[in-house]
Amino acid sequence: MRCPLWYVQRIVSITSAGCVMRSSRLLSSAPLALLAGGLSIAAASAQSDMGPPRWAANIARKQQVIMHGIPSAYADARDPLPDNAAKLRRGRMLFDSHCTACHGWTGQGSGPEAFAMVPAPADLEWLVKTPKDRTEPYMYWTIAEGGREFESDMPAFKDRLSKKDIWAVIAYVRAGLPRNSP
């Protein structure tokens with residue numbers, strides 16, 4: 001029986017599948033495949049097959065909104081102050097200190113701590129293209145309450161950041177996370 005390459009990348013599967021490696025070509029390429037597949041193995045071991053997939057919390061939160069709407073405490077949340085250069089600078093500073101480790105500089109959910117997180121941090125790019133009146137309540141609720149309800153590691157910031165600071169982060173994200181904020 002010849003083993004497909006994906007069996008080589010997941011060592012555990014080789015023995016449990018009863019695959020016998022008789023081909024010298026497969027054996028000689030196995031160390032190279034293991035080296036190349038090291039990240040795949042690390043990723044597979046970092047994500048338990050028993051827990052939710054990496055994207056589950058993002059879907060669960062959106063499903064909550066579709067099925068039940070935004071919780072009433074946040075449904076009418078609107079930023080009372082206009083966006084300006086100072087607000088965007090403050091938003092960038094707060095995003096850099098509280099959000100980039102997970103969401104990354106670009107907001108794509110690719111920060112240095114994101115790799116091991118299950119579910120993965122949300123990709124925030126879509127929020128830039130969504131109408132402001134629809135995203136403000138959603139974003140405020142998400143930042144204030146965090147992701148505990150959705151089995152996410154996103155912390156709740158309602159007790160860590162002021163309302164003004166949460167709105168500054170929202171303004172910065174909605175501006176497209178500009179690295180050179182005015």
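Tabulated data for the structure shown
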{"read-out": "Three-way shape call for the stretch 56-174 based on the alpha-carbon gyration tensor, with the a/c threshold at 1.5", "value": "oblate"}
{"read-out": "Estimated vicinal HN-Hα couplings, Hz - the stretch 67-75 in sequence order (Karplus 6.51, -1.76, 1.60; Gly, Pro = x)", "value": "7, 10, x, 6, x, 3, 5, 10, 4"}
{"read-out": "Most positive-pole-ward Cα, H68, P119, F150, against dipole of the stretch 56-174 from beta carbon charges", "value": "H68"}
{"read-out": "Spatially proximal lysines relative to K164 (Cα-Cα < 21 Å; intrachain offsets below 8 disregarded)", "value": "K87, K132"}
{"read-out": "Neighbour-count ranking [beta-carbon atoms within 10 angstrom, fewest first] of R90, R179", "value": "R179, R90"}
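Since every read-out is calculated from the coordinates, none of them should be taken as a lab result. The structure presented is a predicted model; accordingly, all values stated were derived computationally and were not measured. All Cβ positions, glycine included, derive from the backbone under ideal geometry; neighbour counts span all protein chains shown.
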